[in-house]
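A.B. asks: My questions all concern the structure below.
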Amino acid sequence: MSSSTIIILCALLLSYSTAASASNFYQDFDITWGDGRAKILNNGDLLTLSLDKASGSGFQSKNEYLFGKIDMQLQLVPGNSAGTVTAYYLSSKGSNWDEIDFEFLGNVSGEPYILHTNVFSQGKGNREQQFYLWFDPTADFHTYSILWNPQRIIFSVDGTPIREFKNMESKGVAFPKNQPMRIYSSLWNADDWATRGGLVKTDWSQAPFTASYRNFKADACVPSGSSSSSSSSCTSNSGSSNAWYSQELDSSNQDRLSWVQKNYMIYNYCTDTNRFPQGLPPECQQS
């Protein structure tokens, strides 16, 4: 990244504050749809989304963020969750939006969830990587994290990195860096595609389907004038609170990333030559 780009980014971030929120869903989120199917419980410590044949449900963050480390613990729909999708993602607005996605594709009882990831920049996505998990995500809560700084985006599960999307603007690849994004989550019916390409339909006799959320944490830059109560500068680098701003994968985490991708990755757009007969996207040509 050029020095001029860094100077511009730093100047922009001076008008932002840093938020280090710990989990109170009343304070940090708004339920946006579902007609009562989304609930905040336990004095704001727990949020649940539910889906039945009439409707799913969803919520969004009160704040927007421009760079940060976002953690959320989720416990996914148990049992026969085929046809359901639990989406948890960051997104901006407009036709040239940026987006960083976790989507959890349900399955029949005893078969694994698929964790679907994607990155959109300037309205362009098609950067899917999919994984199985090395545990049952319905039996307990697990932490799903997005680290987003000017150099890279890192997806992690329980602290283990599963995907890294680097800033490769030097190769002509757009990177999310100018548009603040909100956190969104929803539970919805997608049985036209979610499980085995739509072959397995949602079993509505199992409804309502419920996913649960707790222990949200955002160590992140928030636009000034947002609802965050914190007021320190994003670029202050005081203590370790903003370590994420320049964080990269050390050798140990590189090894863990390689382990996940070798053993649990089931789809990678960067190896799908049938999908890209004219040549793989430029970011895929970087080792």
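The values are calculated or read from the model by the stated rules, or taken from the named source; none is laboratory data. Worth saying up front: this structure is predicted, and the values here are computed from it rather than measured. Note that we place each Cβ from the backbone using ideal geometry, even for glycine, and neighbour counts take in every protein chain shown. Surface accessibility is based on the protein's heavy atoms, side chains included, excluding ligands, DNA and RNA. Shrake-Rupley method; radii C 1.70, N 1.55, O 1.52, S 1.80 Å.
A.B. asks: Would you rank ASP52, ASP140 by solvent-accessible area, highest first, keeping every protein chain in place and using a 1.4 Å probe?
C.D. replies: Final ranking, largest accessible area leading: ASP140, ASP52.
A.B. asks: Still on this structure: According to a simple spin-label model (label point 7 Å from Cα along Cα-to-Cβ), what is the distance in nm between LYS93 and GLN254?
C.D. replies: 4.2
A.B. asks: Which ³J(HN,Hα) values, rounded to whole Hz and listed in residue order, are derived for segment 92-108 from phi using the Karplus coefficients 6.51, -1.76 and 1.60 in 6.51 cos²θ - 1.76 cosθ + 1.60 with θ = phi - 60°, glycine and proline given as x?
C.D. replies: So the Karplus estimates, Gly and Pro as x, are 9, 10, x, 6, 10, 6, 10, 7, 10, 10, 10, 9, 10, 8, x, 8, 5 Hz.
A.B. asks: Rounded to the nearest 0.05, what FRET efficiency do ASP52 and LYS201 have when you use their Cβ-Cβ distance and R0 = 25 Å?
C.D. replies: Working from the Cβ atoms, E equals 0.95.
A.B. asks: So, R0 is 45 Å and r is the distance between the beta-carbons of SER246 and ASN274; what FRET efficiency does that work out to, to 0.05?
C.D. replies: Values: r = 38 Å, r/R0 = 0.84.
Efficiency, from the Cβ-Cβ distance: 0.75.
A.B. asks: For the chain, what does the alpha-carbon gyration tensor say about shape, rounded, prolate or oblate, given a ≥ b ≥ c as the root eigenvalues, a/c under 1.5 as rounded, and a/b over b/c as prolate?
C.D. replies: oblate
A.B. asks: Explain nothing, just compute: Karplus ³J(HN,Hα) = 6.51 cos²θ - 1.76 cosθ + 1.60, θ = phi - 60°, for every residue of segment 57-64 in order, whole Hz, x for Gly and Pro.
C.D. replies: 7, x, 8, 9, 6, 5, 8, 9
A.B. asks: Just want to confirm a number: the relative contact order over the chain, from Cα pairs under 8 angstrom separated by 6+ residues, in percent. Don't jump to the answer; show the numbers that get you there.
C.D. replies: Details: 667 pairs, mean separation 82.2, N = 287.
Over the chain, the number comes to 29 percent.
A.B. asks: Enter the accessible area per residue of the chain (Å², integer; probe 1.4 Å; all protein chains in place).
C.D. replies: With all protein chains present, the chain gives 45 Å² per residue.
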